[in-house]
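Working notes for the structure below.
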Amino acid sequence: MKTKLIALVALLIMMVSAAWAADTSALHPPAGSHMALVVFEDLQCPACASVDPLLTQAERNYGLPLVRHDFCIPAHNWSKEAHIMARYFDSVTPQLGEEFRRYIFANQTSIYRTNLRDWADKFGNAHHTPLPAFYDPTGLLRSKVDEDTDKGKAMGITHTPTIWVVSDSRQMPFVEVKETGKLYETIEQVKEATKKK
């Protein structure tokens, strides 16, 4: 009995230590904002596609920045390339990158590895910004996608989407949204905490 209790206490200490050791550097609002929504997402993830309209609506309703991070799932065979394309459109304008991500999510069920480029070309042509044949000649965009994915791994992310409401409040700097149906409730909780700082 005593051995089991000691093992249980040791396990709890390890779990708490792991939680504190996680890298939380991505969990802060951008400069000039008191709060934000932060999401680690995979463009081929059906759950990410289904939650994207809710995040966009929350962004509009609350006037919060939506900070997106790439988190490529290895089993998804076209998502990494789609993230690199999104980074290319970000380099034209951040708004165009946002529109591309929403476009990919909206059309996700029709996209395959073999036709991703066709979908990207349709988007680029519709926005008078053709996607070049070599849109990442130096590999810089790929490295940014990899850095985001590595950052997510360092934070202990295991699934997408992983969503947080973040603030500059010491009382409640970040809260993970474990149930998307509670997104607005979580925003309100964090909003209340930022008033008390």
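The values are calculated or read from the model by the stated rules, or taken from the named source; none is laboratory data. Predicted, not measured: the structure shown is a model, and the values here were computed from it. FYI the Cβ positions are ideal-geometry reconstructions off the backbone, even for glycines, and counts take in every protein chain you see.
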**Request:** Identify, by number, the condition in (1) aliphatic (A, V, I, L, M); (2) surrounded by fewer than 20 Cβ atoms within 10 Å (Cβ to Cβ); (3) touching a residue at least 40 places away in the same chain (Cβ under 8 Å) that LEU66 doesn't meet.
**Result:** (3)
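Here is a list: ARG68, ARG113. Which entry is of a type in the set (Lys, Arg), in a strand (DSSP E or B) and modelled with pLDDT of 95 or more? Break it down into steps so the answer makes sense when it comes.
Values: ARG113 fails: in a strand (DSSP E or B).
Going through ARG68, ARG113 in turn, the sole match is ARG68.
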**Request:** Identify the residue in segment 32-57 that is part of a loop (DSSP other than H, G, I, E, B) and in contact with a helix residue (DSSP H, G or I) (Cβ under 7 Å, 6 or more places away or on another chain) and, among all such residues, is surrounded by the fewest Cβ atoms within 10 Å (Cβ to Cβ).
**Result:** HIS34
